[in-house]
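The values are calculated or read from the model by the stated rules, or taken from the named source; none is laboratory data. Just so it is clear, the structure is predicted and the values come from calculations on it, not from any experiment. Methodologically, a virtual Cβ is constructed for each residue, glycine included, from the backbone with ideal geometry; neighbour enumeration extends over all protein chains shown. Surface areas here come from the heavy atoms of the whole protein model, side chains and all, with no ligands, DNA or RNA. Shrake-Rupley method; radii C 1.70, N 1.55, O 1.52, S 1.80 Å.
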Amino acid sequence: MLFSYVSHLECAKCAASYSHRERHQLCACGSPLLVRYHLEALRKAWSKSDLAGRDNSLWRYHELLPVEHEAHVVSLGEGMTPLLPMPRAGAGMGIPKLYMKDEGLVPTGSFKARGAAVGVSKAKELGVRALAMPTNGNAGAAWALYAARAGIEAAVVMPVDAPYITRGEVAISGARLALVDGLISDAGKIVAQAVRDEGLYDASTLKEPYRIEGKKTMGLEIAEQMGWRLPDVILYPTGGGVGLIGIYKALLELREIGWIEGKLPRLVAVQAAGCAPIVKAWEEGRSESSFWSESATIAFGINVPKALGDFLVLEAVYATGGCAIAVRDEELLAEQREVATLEGAFICPEGAAVFAAARRLRASGWIKDEETVIALNTGMGIKYPDTVRADAPIVPPGGTLPTGSQAGEGGESR
Ligand SMILES: *Cc1c(COP(=O)(O)O)cnc(C)c1O
Ligand SMILES: [Zn+2]
């Protein structure tokens, strides 16, 4: 039994193939490369029962991951996050079978740890000594920390407005950190220049092929946690869209090896109204998005004005009969509070956007009676303290507890 059944890299647009044993970034045609596996061989060699007794981490699926030698695995214990029933939140929006996959419970506090674990492990396997990337915060934090664990140097560029804690995560890892008074697209230009000047490994979203393989494990886990029976709908907060592309890729691969069958879940790309290029493209029936100028949203992880993999996100949405929907910041902040109040889960604003979208899609009838719906919460609310208003009366020592007051009364600030 091989540790990995990786076979080669394939261009998502022109189908050119490349070796997974050499460093590659984009295809010569400019499109992202996808990792391919020997799925026919895997179908014969691997069965669901092989998973029993394996580690409760994403490495339990190592046959479908690109790292060839176990010695190169760089792990902080990521993966196998809980799939929680959300009965009270679900009842409130008419979706009794609502579940949340909680990605707040991974190292670095966001699902970006999945992409970093697999991406950094593969970089180590390829002999990379120094990498660079632009980020909206969470990815840079995860890659900087995993790079530290791997002994790889990292350089990270993020907008000055990115969540403050993610700066701290990069700084404490010992990585080079730079801030740009602009968007992630501006950070990307600075990184591209440094990559050219210094010969760094470009770890930008989809400019290396392996991050998506880490993110795809969300799809593998959902299938396993559901007992290999798929939900009707999966909602995902979409920035670069790698998580959604990854979930779709995972489901196709599982179908190919015979572990799941039937219709795939309808995949929903959720964006913020202040940055909704994918939604606009979907509404216009197009296969690519256009740059969204002056984008702004409190849900920082999904503030991506133009995603390199937009055509792959749209393909996944069209192919599964899904949709794309945008929610306003006020709506998602109200939903964040609702989920914490009803379920005790302090989710991130991006995750809250997904719950707000579920509510709307149920109200419009797009989500039907009794459908099973999975909402991805991509990070922990604790990373975004500014989104919560926590005003409260101050009582002098020896005073009494005021009645009728609730923290945060008066709505959300910012
Ligand atoms: C990066 C990020 C997203 C968007 O992820 P993509 O896969 O790039 O679309 C969503 N939520 C959070 C918390 C993020 O950090
Ligand atoms: Zn190509």
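Structure above, values below:
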read-out	value
Any pair with Cβ under 9 angstrom, 6 or more apart, that starts in segment 227-250 at a residue that is small (Gly, Ala, Ser) and ends at one that is in a strand (DSSP E or B) and away from ligand 2 (no atom under 16 Å from the Cβ)	Gly239/Gln271; Gly239/Cys275; Gly241/Ala269; Gly243/Tyr236; Gly243/Pro237; Gly243/Leu376
Search result, residues across segment 3-13 that are in a loop (DSSP other than H, G, I, E, B) and within 9 Å of ligand 2 (Cβ to nearest atom)	Ala12, Lys13
Test: Ile298 is open to solvent by less than 60 Å² (accessible area, probe 1.4 Å), assigned to a loop (DSSP other than H, G, I, E, B), touching a residue at least 60 places away in the same chain (Cβ under 8 Å) and under 25 Å from Lys97 (Cβ atoms)	no
Among (1) within 16 Å of ligand 2 (Cβ to nearest atom); (2) crowded, with 24+ Cβ neighbours inside 10 Å; (3) in a loop (DSSP other than H, G, I, E, B) - the single one Ser289 does not satisfy	(1)
Qualifying residue in segment 348-360 (condition: in contact with a helix residue (DSSP H, G or I) (Cβ under 9 Å, 6 or more places away or on another chain), more than 30 Å from Thr108 (Cβ to Cβ) and either open to solvent by less than 70 Å² (accessible area, probe 1.4 Å) or not acidic (Asp, Glu) (or both))	yes
From the options Glu22, Glu40, residue that is assigned to a loop (DSSP other than H, G, I, E, B) and more than 16 Å from ligand 1 (Cβ to nearest atom)	Glu22
Condition broken by Glu221, with the remaining ones in (1) open to solvent by less than 20 Å² (accessible area, probe 1.4 Å); (2) free of Cβ contacts under 8 Å to residues at least 12 places away in the same chain satisfied	(2)
Residue within segment 302-312 that is closer than 25 Å to Leu26 by Cα and assigned to a strand (DSSP E or B) present	no
Test result for Ile222, part of a helix (DSSP H, G or I), away from ligand 1 (no atom under 12 Å from the Cβ), of a type in the set (Val, Ile, Thr) and closer than 21 Å to Tyr37 by Cβ	yes
Filter result for Gly239 (open to solvent by less than 40 Å² (accessible area, probe 1.4 Å), within 25 Å of Lys122 (Cβ to Cβ) and part of a loop (DSSP other than H, G, I, E, B))	yes
Residues satisfying the stated conditions in segment 14-35, i.e. without any contact (Cβ under 8 Å) to a residue 60 or more places away in the chain and within 14 Å of ligand 2 (Cβ to nearest atom)	Cys14, Ala15, Ala16, Ser17, Tyr18, Cys27, Ala28, Cys29, Gly30, Ser31
So Gly410, is it of a type outside the set (Lys, Arg), open to solvent by 60 Å² or more (accessible area, probe 1.4 Å) and at pLDDT below 95	yes
Scan of segment 227-254 for residues that are in contact with a strand residue (DSSP E or B) (Cβ under 6 Å, 6 or more places away or on another chain) and among the hydrophobic types (A, V, I, L, M, F, W, C), ordered by number	Val233, Ile234, Leu235, Leu244
Set Ala307, Ala316: member being within 14 Å of ligand 1 (Cβ to nearest atom), open to solvent by less than 40 Å² (accessible area, probe 1.4 Å) and either more than 21 Å from Gly219 (Cα to Cα) or touching a Leu at 6+ places or on another chain (Cβ under 6 Å) (or both)	Ala316
Residue in segment 260-276 that is touching a strand residue (DSSP E or B) at 6+ places or on another chain (Cβ under 6 Å), more than 26 Å from Ala41 (Cα to Cα), at pLDDT 95 or above and open to solvent by 10 Å² or more (accessible area, probe 1.4 Å) present	yes
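This table checks each residue for (1) over 26 Å from the mean Cα position of the chain (by Cα); (2) outside any loop (DSSP other than H, G, I, E, B).
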site	(1), (2)
Leu333	no, yes
Ala356	no, yes
Arg362	no, yes
Trp366	no, no
Glu371	no, no
Ile374	no, yes
Asp386	no, yes
Pro396	yes, no
